[in-house]
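Working notes, beginning with the structure itself.
The values are calculated or read from the model by the stated rules, or taken from the named source; none is laboratory data. Bear in mind that the values here come from a model prediction, so they are computed numbers and not experimental data. Note that we place each Cβ from the backbone using ideal geometry, even for glycine, and neighbour counts take in every protein chain shown.
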Amino acid sequence: MKGKLEISERQKLIEEGKNLKEGLATLEEDLVKLTDELQLEAQCIPNMTHPNVPIGGEDSSTVRKMAGTPRDFGFPVKDHLQLGKELDLFDFDAAAEVSGSKFYYLKNEAVLLEMALVNWTLSEVMKKGFTPLTTPELVRSSVVEKCGFQPRGDNTQVYSIEGSDQCLIGTAEIPVGGIHMDAILAETQLPLKYVAFSHCFRTEAGAAGAATRGLYRVHQFSKVEMFVLCRPEESESYHEELIKIEEDLFSALGLHYKTFDMASGDLGAPAYRKFDVEAWMPGLGRYGEISSASNCLDYQSRRLGIRYRPSEPTPAPLKKGKGSLAPTQFVHTLNATACAVPRMIVCLLENYQQEDGSVIIPGPLRAFMGGLELITPKST
Amino acid sequence: MGLQCYFGGTTIQTLKLAAIPASSRFILNPIPKTLVLNSFSRHNYVYCPLRNPFKLLIRALSATAVQTAPATESLDNKVVKPQWKAAIDFKWIRDNKDAVALNIKNRNSNANLELVLELYEKMLAVQKEVERLRGERNAVANKMKGKLEISERQKLIEEGKNLKEGLATLEEDLVKLTDELQLEAQCIPNMTHPNVPIGGEDSSTVRKMAGTPRDFGFPVKDHLQLGKELDLFDFDAAAEVSGSKFYYLKNEAVLLEMALVNWTLSEVMKKGFTPLTTPELVRSSVVEKCGFQPRGDNTQVYSIEGSDQCLIGTAEIPVGGIHMDAILAETQLPLKYVAFSHCFRTEAGAAGAATRGLYRVHQFSKVEMFVLCRPEESESYHEELIKIEEDLFSALGLHYKTFDMASGDLGAPAYRKFDVEAWMPGLGRYGEISSASNCLDYQSRRLGIRYRPSEPTPAPLKKGKGSLAPTQFVHTLNATACAVPRMIVCLLENYQQEDGSVIIPGPLRAFMGGLELITPKST
């Protein structure tokens, strides 16, 4: 239509242009709808699975490692609730009135134990080159979703804030994952290794029964979490590093535990491979999960938009042009529990109880408790 | 009054409530026969939303149903039912009404004392009438026990029936009166210590000053710049992940937070305080009983969707709740707690330069002291608490002033309040780092915390076996031992060196693995 035309020709072209424009508008609308629907559906596709992961449900998970043996007590064993009562360490009743069930106050030496566990864990993990962090505990719901959680499903684990798009975090994995959202990191920055201390909040909707007594399943707890961002080729080795750090921590505290390679039916959607540690809890009479270490490959980074630019350009650059910047790639992310305080307290109280009702404090924690070696019953 | 309903800061546009006039729908005529509640001239619900007529509607709207409010909700003749009752001493208020009125004025409170007194008198009158009618009803019932003529019996049955109906109506009115009285009376602020200066913020007086502003000899940086150069915090990432006024602490700042908390807990425990960690989600009724307003405009309180729970703004709330509705033995007192928790505040309505960086944030760690004691001891515990605070701040080498807060600047629960402001050279002014309040029985009357004196009173009020002394309300006090972000501001700004490093005060070093200095990192 830019050239010189007869009026009738111009008219025909205008007509044609108009039809094309309308057809295009409709199609473009369809494209947007299709793209959106594709996105929603595809987001549900879980991560691929490591070839060594056992296929099946919970019972198919295999034991990678076992450390220690169940202690032989020689006297009737008390559970942590009874020990807590006798040693005046927690109050669930007052918390039920003030807040509801599955809330608690820690008191006296239990407070010192929590502080010691957090301080010691942070200190040990920092020695391994992790950067310590504290994080926001209120985050935008979109960040929760990008990490692979579902804030608004039925039986959601996530508390939402009224009148806001914010949620309470269930783990520091979420705010830490969000730090480098929509960023392009330099390869030299990797790996980024964080150890984050936060409170965590979970609705525990749908969780009922005996496995919820006392500190085992609560709505609010303190946790020290490790989070790694690395190059794809390194994520498997960092997974091994993370599980080793966890196992060293638990061994240092003298716990008896098993490390499981979780079966395909028991991985969360983001995890390519997941190692769970279950420690022996003599009061409960069974093993209980105290930590979880996941390699998420690029599942989270594709959602959070975390890329890096390799330092050396690829040998055959895809694009000609000045400079030779390598195309960006998605990082791999991993997360692992260094210390989930309430469950550690269950383990320590139940495993270290004495016949006289006192509880021994494991060696590594004593310096962080002003040298305290024993929690003893108080005279009332 | 606009028909907008602020719900955690979001205006709900879809509420089409045409018929809620600013004046109340309660009509109260002189009794005895018919009771209709009177309209009163309350026009301002801002400061005491407990009486907010929207409150009933807000409760009716669960969070999931926010978008579809009922088209018309008639609240005529319906008193907003208080969720809980404070044990307010109405008789004392009536007998001391001049002092109460002056106190309300000095505190710029919008409590309506006249209405409270009016409702109280009416309630007493209705109560008396109810008792009288009950007496008559019992007399009729007794008469019916004997042998009677049929016509006489019929008359008595008729009389009994009338009395029963009249009584039912009056009893209903009594309930409504009691509820309304409760809501109005809950707004009356605590009395004020005679030594408290009368007036606004500028009338607060300085009780004590310690230290002097440091003379630097080089240009002083604020904590934000220091934090950036020393890689101690990240506000930008937090703004993306969570919103403004959120932050990550990094590296030595994390160690500093842990050290501050550990050291403070340890020091306060040495003074005989029981350490606690607390729930950070609590029922909204507990928040109210402590004297806070979870659902007012510009509320400081975050609420949880689909639940009556809120996030705490201070550990004072869950600690105050521990002994709710309890009767303690006198020998248990005093109860002295030191609680560590995270705190969450919306900071709605707070804007401007005084909100930069760590000075005003939505989430922070705090170590809080809380005392429950016998009434005659609360003043001396107030002195003890402020002394503990001042010793902590002096030990950290801070320069600060302690203020006796003026009547217009006390919160409703506080009888007397001491605030400590520390010198923040980067901000170029003093900033509040702690607050210590004596609440007398304001909170305990709402939380229902009583104690039973060990020795019975010399002239027991009741004859009967045993001689248990009647219970009394405890007094409660609360005081900030350490508000971490503001302490970090103080320490960074005051201890900065010319080369950009920051000295760590002596007492904290043992809690930071012996670290003495925070130095710039080579990047």
(request) Go through the stretch B:296-306 and count every residue that is in contact (Cβ under 8 Å) with a residue 24 or more places away in the chain and at the interface with chain A (Cβ under 9 Å from one of its Cβ atoms). (result) 4
(request) Identify all residues within the stretch A:71-98 that are among the aromatic types (Phe, Trp, Tyr) and either without any contact (Cβ under 8 Å) to a residue 40 or more places away in the chain or surrounded by fewer than 21 Cβ atoms within 10 Å (Cβ to Cβ) (or both); write none if there are none. (result) A:Phe73, A:Phe75, A:Phe92
(message) Of the residues B:Lys122, B:Lys161, only one is part of a helix (DSSP H, G or I) and exposed (fewer than 14 other Cβ atoms within 10 Å of the Cβ); which?
(response) B:Lys161
(request) Among what's in the stretch B:384-424 and is within 23 Å of B:Leu102 (Cβ to Cβ) and among the hydrophobic types (A, V, I, L, M, F, W, C), pick the residue that is surrounded by the most Cβ atoms within 10 Å (Cβ to Cβ). (result) B:Ala414
(message) Quick check on my filter: what residues within the stretch B:161-198 are farther than 16 Å from B:Lys128 by Cβ and acidic (Asp, Glu)?
(response) B:Glu165, B:Glu172, B:Asp179, B:Glu180, B:Glu184
(request) Give the residue, chosen from B:Asp222, B:Asp202, B:Asp236, B:Asp215, that is closer than 22 Å to B:Ile104 by Cα and surrounded by fewer than 22 Cβ atoms within 10 Å (Cβ to Cβ). (result) B:Asp202
(request) Could you check B:Ser244 against (1) within 12 Å of chain A (Cβ to nearest Cβ); (2) modelled with pLDDT of 95 or more and say which number it fails? (result) (2)
(request) Taking only the stretch B:267-295 into account, find how many residues are more than 7 Å from chain A (Cβ to nearest Cβ) and at negative phi. (result) 16
(request) Taking the residues in the stretch A:179-193 that are crowded, with 19+ Cβ neighbours inside 10 Å and under 13 Å from B:Ala237 (Cβ atoms) as candidates, determine which candidate is nearest to the other protein chains (Cβ to nearest Cβ). (result) A:Ile179
(message) For the stretch B:491-518, which positions are buried (at least 19 other Cβ atoms within 10 Å of the Cβ), among the aliphatic types (A, V, I, L, M) and more than 14 Å from chain A (Cβ to nearest Cβ)?
(response) B:Leu491, B:Leu492, B:Val502, B:Ile504
(request) Can you tell me which residue within the stretch B:387-417, out of those that are among the acidic types (Asp, Glu) and assigned to a helix (DSSP H, G or I), is nearest to B:Pro197 (Cα to Cα)? (result) B:Asp409
(request) Working carefully through the options B:Ala395, B:Ala414, find the one that is in contact (Cβ under 8 Å) with a residue 24 or more places away in the chain, touching a Gly at 6+ places or on another chain (Cβ under 9 Å) and more than 30 Å from A:Asp91 (Cα to Cα). (result) B:Ala395
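Across the stretch B:335-364, what is the number of residues that are of a type in the set (Ser, Thr, Tyr) and under 19 Å from the mean Cα position of the chain (by Cα)?
3
Out of everything in the stretch A:126-145 that is touching a residue at least 24 places away in the same chain (Cβ under 8 Å) and more than 7 Å from every other protein chain (Cβ to nearest Cβ), what residue ends up being nearest to A:Leu87 (Cα to Cα)?
Per the criteria, the residue is A:Met126.
Rundown of residues vs (1) within 13 Å of chain B (Cβ to nearest Cβ); (2) more than 26 Å from B:Lys250 (Cβ to Cβ); (3) in a loop (DSSP other than H, G, I, E, B); (4) of a type outside the set (Phe, Trp, Tyr), yes/no style:
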| site | (1), (2), (3), (4) |
| --- | --- |
| A:Asp154 | yes, yes, yes, yes |
| A:Val158 | yes, no, yes, yes |
| A:Gly163 | yes, yes, yes, yes |
| A:Thr171 | no, no, yes, yes |
| A:Gly177 | yes, no, no, yes |
| A:Val195 | yes, no, no, yes |
| A:Ala207 | no, yes, yes, yes |
| A:Met226 | no, no, no, yes |
| A:Tyr238 | no, no, no, no |
(message) Looking only at the stretch A:99-125, filter to residues that are crowded, with 24+ Cβ neighbours inside 10 Å and farther than 19 Å from B:Glu252 by Cα; which one of those is farthest from the other protein chains (Cβ to nearest Cβ)?
(response) A:Leu113
(request) Taking the residues in the stretch A:325-380 that are part of a loop (DSSP other than H, G, I, E, B) and closer than 30 Å to A:Tyr299 by Cβ as candidates, determine which candidate is modelled with the highest pLDDT. (result) A:Val331
(message) Just the residues that are of a type in the set (A, V, I, L, M), within 29 Å of B:Pro213 (Cβ to Cβ) and modelled with pLDDT of 95 or more, please, taken from the stretch B:415-472.
(response) B:Val420, B:Ala422, B:Met424, B:Ile433, B:Ala436
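Check the stretch B:211-231 and report whether any residue there is outside any helix (DSSP H, G or I), at positive phi, within 14 Å of chain A (Cβ to nearest Cβ) and in contact with a Leu (Cβ under 9 Å, 6 or more places away or on another chain).
no
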(request) Could you tell me which of the residues B:Leu477, B:Leu508 is at pLDDT 95 or above, outside any helix (DSSP H, G or I) and among the aliphatic types (A, V, I, L, M)? (result) B:Leu477
(request) Scan the stretch A:257-273 for residues that are out of contact with any helix residue (DSSP H, G or I) (no Cβ under 7 Å at 6 or more places or on another chain) and closer than 15 Å to A:Glu247 by Cβ and jot them down. (result) A:Lys258, A:Phe260, A:Asp261
(message) Which pairs turn up if I take residues in the stretch B:98-116 that are at negative phi and in contact (Cβ under 8 Å) with a residue 24 or more places away in the chain and look for partners that are among the polar types (S, T, N, Q) and assigned to a loop (DSSP other than H, G, I, E, B) with beta carbon separation below 6 Å, at least 6 apart in sequence or on another chain?
(response) B:Asn103/B:Thr192; B:Asn110/B:Asn44
(message) What's the number of the only condition in (1) of a type outside the set (Phe, Trp, Tyr); (2) away from every other protein chain (no Cβ under 14 Å); (3) closer than 28 Å to A:Lys378 by Cβ that A:Gly56 fails to meet?
(response) (3)
